[in-house]
1. For segment 164-178, does any single residue satisfy the condition of being crowded, with 17+ Cβ neighbours inside 10 Å, modelled with pLDDT of 95 or more and in contact with a Gly (Cβ under 6 Å, 6 or more places away or on another chain)?
2. Residue by residue through segment 21-61, note down the ones that are among the polar types (S, T, N, Q) and more than 24 Å from residue 106 (Cβ to Cβ).
3. Considering only residues that are in contact with a helix residue (DSSP H, G or I) (Cβ under 9 Å, 6 or more places away or on another chain) and part of a helix (DSSP H, G or I), which ones fall in segment 227-255?
4. Which of the residues that make up segment 32-82 are at pLDDT 95 or above and either of a type in the set (Ser, Thr, Tyr) or outside the structural domain of residue 224 (by TED's automatic domain parsing) (or both)?
5. Right, residue 263: more than 19 Å from residue 85 (Cα to Cα), out of contact with any Lys or Arg (no Cβ under 6 Å at 6 or more places or on another chain), of a type outside the set (Phe, Trp, Tyr) and not assigned by TED's automatic domain parsing to the domain that holds residue 15 or not?
6. Before we move on, is residue 149 outside any helix (DSSP H, G or I), buried (at least 16 other Cβ atoms within 10 Å of the Cβ) and of a type in the set (A, V, I, L, M, F, W, C)?
7. Looking at this structure, is residue 235 assigned by TED's automatic domain parsing to the domain that holds residue 17, under 19 Å from the mean Cα position of the chain (by Cα) and not aromatic (Phe, Trp, Tyr)?
8. Report the residue count in segment 190-222 for those that are over 19 Å from residue 243 (Cβ atoms) and either in contact with a helix residue (DSSP H, G or I) (Cβ under 9 Å, 6 or more places away or on another chain) or assigned to a helix (DSSP H, G or I) (or both).
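The values are calculated or read from the model by the stated rules, or taken from the named source; none is laboratory data. Everything numeric in this text was worked out from a predicted model, so none of it was measured. Cβ placement follows ideal geometry from the backbone for every residue including glycine, while neighbour counts extend to all protein chains displayed.
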Amino acid sequence: MAEILITGGAGFIGGALAASLAAHSNNKIVIVDNLLTGSLRKIPVSIHRNIEFVRCDANDYASMKPIFEKYSFDYVFHYAALVGVKRTLDHPIEVLRDIDGIKFLLELSKKNRVKRIYYSSSSEVYGEPVHIPQNEHTTPLNSRLPYAIVKNVGEAYVRSFEKECGLEYTIFRFFNTYGPNQSEDFVVSKFIKAALNHHEITIYGDGSQTRTFCYIDDNIATCTSIFAKNLFVNDVVNIGSDQEISILELANAIVKAANSRSKIVHLPALEEGDMTRRQPDTTKMKSVHNQMLSLDQGLRSIIKSWSKN
């Protein structure tokens, strides 16, 4: 039996991870989340009896210490973070608090003999692209904004604890992930909601900025396989699709898939935070999971699901 802690487990990706890990009855899952951006409906406690939820701020040492003392965690997935481009730009000091959470979690993991920590980093550490595709080891990290800097610092912390204390790690650099349970303030969900209601779809700038979009099931299948097979220990892995699409093309694809009358409206470009391109080198990811759902299939699946509600 493995006891597993997931911080941020009431979030979109964290909740899906919890459901997948809890499907194995020999796993005991403990979710910690302050519900600032997470939601109880994303925690599958009604389906899986081997999940416990503790409402707690993962950045608060005094709150986390008794949780580590109560359980004997074998593995920790640190997914708690303040997320969302606009939210993190509007609250940069709050973003910086996440550094405390990373440090505290590593200290408690070391003290309580956790075997390995899985750290949720982000494509944002690459900043404005130096070259494409973005490789885990050869692409320079061009972090400038608070959210990206915090993720970069977090990576440095987990590497340092491994070097000095022997605490193993795997770093997941998540690129855009989407799915039916995602909050409506992220781009795919936001566009689909507008399209289904035939409302205007707003885009910052001319929409030429590109992203790649990974369906949630592919994200979870990759990360759980890496966990189950003990792959990429003390290493970093890009998790995402390598198929680039512009934001304008994405909006048009959603309008078409939803058979919507929505008009696309362009707003002034963001002053910062909206990088021109994103495309990961997914060689490592594909060595584990290479049957990716296409964006068209993923969009249609969400639209079909949401249209029934």
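1. Looking for residues that are crowded, with 17+ Cβ neighbours inside 10 Å, modelled with pLDDT of 95 or more and in contact with a Gly (Cβ under 6 Å, 6 or more places away or on another chain), one finds at least one in segment 164-178, hence yes.
2. 25, 26, 39, 46, 50
3. The answer is 227, 247, 250, 251, 253, 254, 255.
4. 61, 63, 71, 72, 75, 79
5. The answer is yes for residue 263.
6. Spelling it out, it is not the case that residue 149 is outside any helix (DSSP H, G or I), buried (at least 16 other Cβ atoms within 10 Å of the Cβ) and of a type in the set (A, V, I, L, M, F, W, C).
7. So residue 235 passes the test.
8. Going through segment 190-222 one residue at a time, the tally reaches 13.
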